[in-house]
Ligand SMILES: [Zn+2]
């Protein structure tokens with residue numbers, strides 16, 4: 001049995017594809033959320049793919065847009081919802097991780113609040129209209145305009161062995177070697193909130209510095225075909241499982257002072273505890289503040305922006321997961 005796929009005012013009958021926008025009321029304004037609904041001719045799971053949760057992250061949006069154009073409903077066993085720009089104010093106005101509407105990072109407030117700030121309302125809209133009812137979820141992010149990043153897939157462990165195994169299987173279908181596990185499903189990330197709902201959900205981080213890179217986007221589209229194939233939604237697509245290396249987050253480094261930022265690392269660097277990874281020069285007094293890494297491990301992403309303020313995230317370090325033999 002196949003049925004009509006409907007999100008707000010958009011509908012796709014079985015065997016058809018519909019592209020358009022659906023208005024989301026954020027209290028003080030309404031934003032139009034772009035959506036492509038691909039309703040397969042054959043029954044199967046419903047897969048949600050989002051990008052543009054943050055502004056300044058180009059590759060994911062590029063890949064989602066390409067995928068929305070490519071998917072053919074006649075070939076699909078199930079339904080695919082592609083939302084290439086989940087957070088239009090952040091993508092089109094701020095081009096930052098926080099929304100220009102209220103300064104909120106939407107990926108810290110899922111599942112949102114229908115009576116909250118505009119960004120909290122947007123999170124609630126996305127959660128209710130898109131995440132709820134999905135059988136699998138892929139959230140595409142990239143290194144932002146001021147961020148170096150080494151490609152990785154992330155997901156949260158929930159303690160439900162069946163769910164965690166299904167999520168791990170999805171993560172291994174993308175063709176990305178490094179997988180970083182979150183040891184619980186707490187917090188306001190969309191993929192964490194989805195995991196708490198029992199939905200296998202992965203975060204995909206590809207590309208860096210907000211760059212357009214057609215090759216990276218095409219590789220990501222191929223990876224998404226791999227995930228859809230693994231989920232049984234497509235018969236075609238790469239079937240291979242990548243031998244992944246599992247990591248866990250070890251430490252985040254944040255700025256302690258205001259100033260000019262001189263990083264001395266790039267993403268993918270292996271660092272040892274105590275190593276200097278950059279320095280901040282305070283223009284007020286010319287003082288140089290060295291920044292040391294608090295842990296040994298690999299930097300998967302880090303700050304490349306020109307200036308920093310206290311609390312700014314400078315680097316995120318992961319270590320091999322216990323028991324991972326691929327390392
Ligand atoms: Zn992001």
* Taking the Cα-to-Cβ direction at residue 75 and at residue 108 and moving 7 Å from each Cα, how far apart do the two end points lie in nm? -> 4.1 nm
* Grab the eigenvalues of the alpha-carbon gyration tensor for the chain, scale each by 5, take roots, and send me the semi-axes largest first in whole angstrom. => 34, 23, 17
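So for 71, 231, fewest C-beta neighbours within 10 Å to most, what's the order?
Sorted ascending by nearby Cβ count, the order is 71, 231.
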* Structure fact -> Rounded to 0.05, the calculated FRET efficiency for the beta carbons of residue 184 and residue 290 at R₀ = 25 Å is 0.15
* Report, in whole Å, the centroid distance computed from the Cα atoms of region 38-86 and region 257-293. => 39 Å
* Using 0.36 nm per residue, how much length does the chain from residue 222 to residue 276 gain when fully extended, once their Cα-Cα distance is taken away? -> 15.7 nm
* Asked: In region 291-326, which residues have a backbone nitrogen under 12 Å from the label point lying 7 Å from residue 262's Cα in the Cα-to-Cβ direction?
  -> 291
* Asked: Ranked highest first by the average count of other Cβ atoms within 10 Å around their residues, in what order do 58-64, 178-184 fall?
  -> 58-64, 178-184
* Expected-Rg normalisation [2.2 N^0.38 Å, Cα atoms] applied to region 236-296 -> 1.66
* Asked: Under the classification rounded if a/c is under 1.5, otherwise prolate if a/b is larger than b/c and oblate if not, where does region 1-78 fall, given a ≥ b ≥ c as square roots of the Cα gyration tensor eigenvalues?
  -> oblate
* **Globularity index of region 100-172, i.e. its alpha-carbon radius of gyration over 2.2 N^0.38 Å** => 1.32
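FYI, it's all coordinate maths here, none of it is from the lab. This one's a predicted model, so the numbers in the text were calculated from it and none came from an experiment. Cβ atoms come from the backbone with ideal geometry, glycine included; neighbour counts cover every protein chain shown.
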